[in-house]
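Beneath this line is the structure, given in structure tokens, with notes to follow.
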Amino acid sequence: MIGCGHNASWRGKGTPDEGTFVKRVVVFDGLNEFAVRPRATFDEYIALLQQDIATHSGDLSARTSVPCPGCGLSGIEHMFTKFTFVYVRCTSCGSIFVSPRPTPSALHAFMVSSRARRFWSSTVEVETARNRTQSIMHPRAAWVQRGASDLHRPVLVDLYTKYPTFLEIVNRDGMFSRIVSVEPVADLRDLARSPALQVLQTLRDAAAGGLTASVLSAQECLERAEDPDLMMRSGADLLQDGGLLFLTTVTCGGFDLQVLGGRSKNVLPPVHLNLLSLEGIRRFLAHHGFQIVELSTPGQLDVEIVTHAVAEDPDIVLPPFVDELIRHRDRSVHQAFQQFLQEALLSSHVRLVARKTRSGGGTG
Ligand SMILES: [Zn+2]
């Protein structure tokens, strides 16, 4: 792992981090797409998701337009439709999101009963557990622990825990005095036996119990949140002033999403609802009282995802430059280009640390 710092280069309105030093990290460890998403299994997951949508079409039919989850503004243009869900682009910050969308309760009910989700837990996660642990969970745990190392006996709150392994690792290493998983997506019954680890079923429970954290972890949940504003407002309320947020998400500004749009397997409604641009992420966090101190796009899979997509579907038409790169250049060029994407903040996988500087805003 190479750590390298760059000066922030944000533009536009509301730039609390402008002029400050924002750390940027580049990562290469040989991760490949099929190690975490085996093609046949992942395609089966996608087919099940489409069946779920058809089965629940009645429950999902009432949809309401929402403002941009990044900047809160309402100017939009249509981008693409996938599995009956319309993705639009914010004309102000460039974020791409599902609108109109089903109500949060309908989306929540869909996810709870989703056969695709159960298949993901029982099959995809099991098949890829070793690779995910090695290439994603260990580095993620090390990143959070390193970033929080200056805090005295920190308390960690992890929102919507998706992978128990991440919490297992940070719990085993003993750095945090207390670890709380709030509204876990995963089954944490085994993990909850540890005395240092607590599971709270709702953010409301956490607030009512007077929980205060010095570290807030939000891994792969911003893009999935039915109401991102509510999620971050509730999470930030648990974080003490000066506390740190560690967040990973998918950005629409990444190479594979820019090239493939709705054809990307990284875009699966109604799982992926909010694909914020970096500008949208910055405005979203500023609104909630955060200052970004580290921002990287350490994704390793953008070029490989596009390469696999055009191999599966030769009819995909690419812009001439991208066609030359993807179809006519070899693996060494692909790797060099992926490294460039990381350095230029142009990969679709975002990883950031932000410090809470004040109580955030209200809605939108
Ligand atoms: Zn926006």
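Things worth noting here:
- Residue count for region 97-137, restricted to those that are of a type in the set (S, T, N, Q) and open to solvent by 50 Å² or more (accessible area, probe 1.4 Å): 6
- If you go through region 317-331 and pick out every residue that is open to solvent by less than 40 Å² (accessible area, probe 1.4 Å) and either modelled with pLDDT under 95 or not in a loop (DSSP other than H, G, I, E, B) (or both), you end up with 4.
- The residues of region 142-178 that are part of a strand (DSSP E or B), aliphatic (A, V, I, L, M) and more than 23 Å from VAL36 (Cβ to Cβ), listed by number, are VAL155, LEU156, VAL157.
- If you go through region 77-92 and keep only what is within 18 Å of ASP229 (Cα to Cα) and outside any strand (DSSP E or B), you end up with just SER92.
- Here LEU60 meets each of (1) open to solvent by less than 70 Å² (accessible area, probe 1.4 Å); (2) modelled with pLDDT of 95 or more; (3) more than 10 Å from the ligand (Cβ to nearest atom) with one exception, condition (2).
- So ARG89, is it within 16 Å of the ligand (Cβ to nearest atom), at pLDDT 90 or above and among the charged types (D, E, K, R): yes
- Restricting the search to strands (runs of 3 or more DSSP E) fully inside region 189-302 and requiring at least 2 residues that are surrounded by 22 or more Cβ atoms within 10 Å (Cβ to Cβ) gives 213-219, 239-250, 290-296.
- Selection from region 65-76 of residues that are open to solvent by less than 80 Å² (accessible area, probe 1.4 Å) and either more than 10 Å from the ligand (Cβ to nearest atom) or not in a loop (DSSP other than H, G, I, E, B) (or both): VAL66
- Within region 293-301, not a single residue is away from the ligand (no atom under 16 Å from the Cβ), closer than 30 Å to PHE176 by Cα, among the aliphatic types (A, V, I, L, M) and modelled with pLDDT under 95.
The values are calculated or read from the model by the stated rules, or taken from the named source; none is laboratory data. Just so you know, these numbers come straight off a predicted model, no measurement behind them. All Cβ positions, even for glycine, are placed from backbone atoms using ideal geometry, and neighbour counts span all protein chains on display. We work out accessible area using only protein heavy atoms, side chains counted, and drop any ligands, DNA or RNA first. Shrake-Rupley method; radii C 1.70, N 1.55, O 1.52, S 1.80 Å.
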